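The values are calculated or read from the model by the stated rules, or taken from the named source; none is laboratory data. Values in this document were obtained by computation on a predicted structure and should not be read as measured data. Backbone-built Cβ (ideal geometry, glycine too); neighbour counts: all protein chains shown. Areas reflect the complete protein model, heavy atoms only, side chains present, ligands, DNA and RNA absent. Shrake-Rupley method; radii C 1.70, N 1.55, O 1.52, S 1.80 Å.
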Amino acid sequence: MGNMYTMRPDLFGAIHCAVPLLDMKRYHTLLAGASWMAEYGDPDTPDWDNFLYKYSPYHQINPDVEKYPPMLVTTSTRDDRVHPAHARKMVKKLWDMGKGKDWPVYYYENIEGGHGGAADSKQSAFMTALAYDFMWDTLCKGKTD
């Protein structure tokens with residue numbers, strides 16, 4: 001979802017970006033990321049300039065864009081696959097770069113759970129409700145047929 005957000009913000013009314021992989025320059029230094037280099041490429045080689053940079057949402061945020069769609073970023077502190085730093089860094093960068101612009105970004109980090117973002121059914125239901133509520137409020141609330 002990070003690539004959809006940075007590459008074509010004009011196509012979306014809202015985005016929910018859950019447990020995201022966003023920093024393709026440093027993904028291989030965090031948790032299981034090193035095991036993905038055969039699939040994604042090695043950012044410490046020409047792979048970075050040749051293609052990884054082009055689909056690294058963290059590096060593709062465009063300061064000239066006046067309006068990005070509202071985005072809810074969710075992650076889990078205990079995700080053992082995609083480090084929560086991806087979500088944290090992206091949100092921080094968007095908040096910093098988006099001052100004075102129409103870049104609404106919301107963040108929720110569950111302190112339990114793993115890559116699924118929840119530790120049990122109750123948390124899973126909460127995370128699902130959070131995402132649906134965000135989408136409803138963003139896309140439908142106050143709109144009539």
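Tabulated data
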read-out	value
Whichever residue in the stretch 111-145 is more than 22 Å from ASP80 (Cα to Cα) and of a type in the set (Val, Ile, Thr) and, among such residues, is modelled with the lowest pLDDT	THR144
Complete set of residues in the stretch 105-145 that are open to solvent by 30 Å² or more (accessible area, probe 1.4 Å), over 16 Å from ASP79 (Cβ atoms), touching a residue at least 12 places away in the same chain (Cβ under 8 Å) and not in a helix (DSSP H, G or I)	TYR106
Answer from PHE134, PHE126 - the residue that is more than 30 Å from THR29 (Cα to Cα) and in contact with a His (Cβ under 7 Å, 6 or more places away or on another chain)	PHE134
When residues of the stretch 4-13 are limited to those that are open to solvent by 40 Å² or more (accessible area, probe 1.4 Å) and either in a helix (DSSP H, G or I) or basic (Lys, Arg) (or both), the one nearest to PHE51 (Cα to Cα)	MET7
Residues (over 30 Å from GLN123 (Cα atoms), open to solvent by less than 60 Å² (accessible area, probe 1.4 Å) and either small (Gly, Ala, Ser) or free of Cβ contacts under 8 Å to residues at least 12 places away in the same chain (or both)) located in the stretch 38-83	GLY41, THR45, ASP47
